[in-house]
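Since the structure comes first, as C-alpha cells, the remarks are kept for the end.
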Amino acid sequence: MRRAYDLVIIGAGAAGSEAAFAVADGGKTSILLVEANHFGGTCTNHGCVPTKALVKAGKVAQAMRTAAKYGLEAVEPRFDWSKVIGRADEVRDHMLRHGPEPFREAGVEVAYPSRARLLGEHRLQVDGRELEARAVLLACGLEPLIPPIPGLEESGYLDNQTALELEALPRRLAVLGAGPIGSEFAQIFARFGVEVTVLEAGERMLPPEEPESGEALRQAFGAEGITVRTAAKLERVSLSGAGRRLELAGGSAVEVDSLLVAVGRELQGDALGLDAAGVEWTPKGVRVDAHLRTSAPWVYAAGDIVGGLLFTHTATAMGGIAARNALAVGAGGGTEIYDPRIVPRVTFTEPEVASVGSTERQAVEAGHSVKVGMALVKDAEKAQIDGQTIGHVKVVADEDGQLLGCHIVCEAAGEMIHEAVAIMAGRLPIAVVAAEMHAYPTLSELLRSALSKAAG
C-alpha cells in the first residue's frame, strides 16, 4: 500500500522551507519535505550568502589599496585565499547549522538526502519508494545554464558553485556573462589579484537594468583594471598550454587560465518527471498562474523553478502562498495571489546597483507618459565625504506623479532602494515625498533630488 500525504514539497531552499513552515501544524496535516542536496537552497549554499561574504572581504582589500585618498598609507593587501574562502564557508555553515530538525519539530516529515520524481496524477517516487499526494509543491530551483559552445565541456569551466571551491586563484580569469552573478564574481576575483576579463554577448553590462546603470558599473570596473568586452560572442573554447583559448566572433581571442560561466540558470524538467505529470515547462521554468498552480491542477510551484525574478525574497514570498493554495486543492485550490509588482533587486558590486519597478523604456512601452528625474552621486555632499564619484539615482514616474521605477547606483544602493519600495507600495505621489526632509548629509538626499526633478 502506497503512503499518502496531504502535501509533498520538493526542495528545501527558500521557497520550500517557507512553504513547509507556513502550513506545518504539528503533524495534523501530513506533509513531506524532500531535499536532494542541502537545506537552504542555492542562495545560502553557493549563492548570495558566501558570495556576499567574499564581496565584504574584497571591499576591505580595496580599501587598503586605495587608502591614500583618505590621507592614509596605501598598502597592497596580503592574504591567504583559504582563510578568505574559509570565512565565507563559516558564515554559510552558521546559517545552516539547524539542518532538518526545525521542520521535524514543526511536524513535517523530512526525506534527506532524497530525490523525488513525478510519475503521474497524484503519484511520485522518492528514492524508489512510490507515494501518493493530494498536492505537490515544486520548489527545487534551477541549475546553471551551460551554453552549447564547441569545446566548452572538453576544456572545463567554473560555475557559481565550483568557483567557490577553488583552492587556489587563477592568474587570469574570463567571466562569461555580465549579469548580476558574473559581475559580482568578476569584481571579487579582481580584488584578490586575478586578471579578469568580462565577456558579455549583449550590448551592455546588466542587460535587464537601465542603460545608465550598466554604463556606471562598466566605468567602475574600468577604474579597477577589469576589462569588459560587450557584444562579445564566444564561439569556441580550446585548451592552450595550461590555460584556455577563447575564440570570439570577429576573429579575436582571449587567453586565460580559467573560465567562469555565468549566463543564467535553466530547468532540467526531465529529471523531475514533469511531462509524466502533465506539468507544462520550458528550460526557463514551470508555467504557473497567479495562484502559483501549474497546468496540472494538483501541482504547484514556487521559487526559482517558475523562472522570472530569481531572488530569495521572491521565493520566500511565493512559498507560503503556494503551500496554502496547494492544501486547498480538494476545494479547487486556494485563492491567494502572488503579485510581483514591487520586487527590489540588488547587484552587490561596488558601487551597488539596485532597482525596483520599471525601466524608462518599459514604462514608455506600457503606454505611460513618463517623467524622469536624475541625480548624480558626485553632486551629493555625502558622496564627496565618502570619496564616491560614480553613480546616480534615476526615477521614472507617470503623468499622475506615481512612481513606476527607481534605479540607484552607489555605495548604499541596496539599502536606499527600500524608500522607493515604500513609495510604490503606498502609492504615494512623488511630490509629497520630495517635499519632506531627508537627513543631511546622507545619500538619501539623492533620491529626494531625483523625485523633485521628476515632480517638476
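The values are calculated or read from the model by the stated rules, or taken from the named source; none is laboratory data. Just so it is clear, the structure is predicted and the values come from calculations on it, not from any experiment. As a convention, Cβ positions derive from the backbone with ideal geometry for all residues, glycine included, and neighbour counts pool all protein chains shown.
Got at least one residue in region 142-155 being in a loop (DSSP other than H, G, I, E, B), in contact with a Phe, Trp or Tyr (Cβ under 8 Å, 6 or more places away or on another chain) and buried (at least 20 other Cβ atoms within 10 Å of the Cβ)?
Scanning region 142-155 turns up no residue that is in a loop (DSSP other than H, G, I, E, B), in contact with a Phe, Trp or Tyr (Cβ under 8 Å, 6 or more places away or on another chain) and buried (at least 20 other Cβ atoms within 10 Å of the Cβ).
Please go through region 214-234 and give me each residue that is not aliphatic (A, V, I, L, M) and not in a loop (DSSP other than H, G, I, E, B), ordered by number.
Hits for region 214-234 are 214, 215, 218, 219, 221, 222, 227, 229.
Check 387, 414, 401 and return the single one that is surrounded by 17 or more Cβ atoms within 10 Å (Cβ to Cβ) and at positive phi.
Being surrounded by 17 or more Cβ atoms within 10 Å (Cβ to Cβ) and at positive phi holds for just one of 387, 414, 401, which is 401.
Considering only region 270-282, I want to know if a residue exists there that is assigned to a strand (DSSP E or B), modelled with pLDDT of 95 or more and either touching a helix residue (DSSP H, G or I) at 6+ places or on another chain (Cβ under 7 Å) or at positive phi (or both).
yes
Yes or no, residue by residue, for (1) in the same structural domain as residue 387 (by TED's automatic domain parsing); (2) under 16 Å from residue 186 (Cα atoms); (3) touching a Cys at 6+ places or on another chain (Cβ under 7 Å); (4) not in a strand (DSSP E or B):
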{"residue": "202", "(1), (2), (3), (4)": "no, no, no, yes"}
{"residue": "205", "(1), (2), (3), (4)": "no, yes, no, yes"}
{"residue": "212", "(1), (2), (3), (4)": "no, no, no, yes"}
{"residue": "236", "(1), (2), (3), (4)": "no, no, no, no"}
{"residue": "247", "(1), (2), (3), (4)": "no, no, no, no"}
{"residue": "259", "(1), (2), (3), (4)": "no, yes, no, no"}
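Condition check: among the polar types (S, T, N, Q), in contact with a strand residue (DSSP E or B) (Cβ under 8 Å, 6 or more places away or on another chain) and not assigned by TED's automatic domain parsing to the domain that holds residue 412. Does residue 82 satisfy that?
No: the conditions fail for residue 82.
Taking region 64-95 as the search range and keeping residues that are among the aliphatic types (A, V, I, L, M) and exposed (fewer than 14 other Cβ atoms within 10 Å of the Cβ), which one is nearest to residue 349 (Cα to Cα)?
Step by step, filter region 64-95, then rank; the result is 67.
Could you tell me which residue of region 42-65 is nearest to residue 166 (Cα to Cα), considering only residues that are of a type in the set (Lys, Arg) and more than 12 Å from the chain's Cα centre (by Cα)?
So, considering only residues that are of a type in the set (Lys, Arg) and more than 12 Å from the chain's Cα centre (by Cα), the one nearest to residue 166 (Cα to Cα) is 56.
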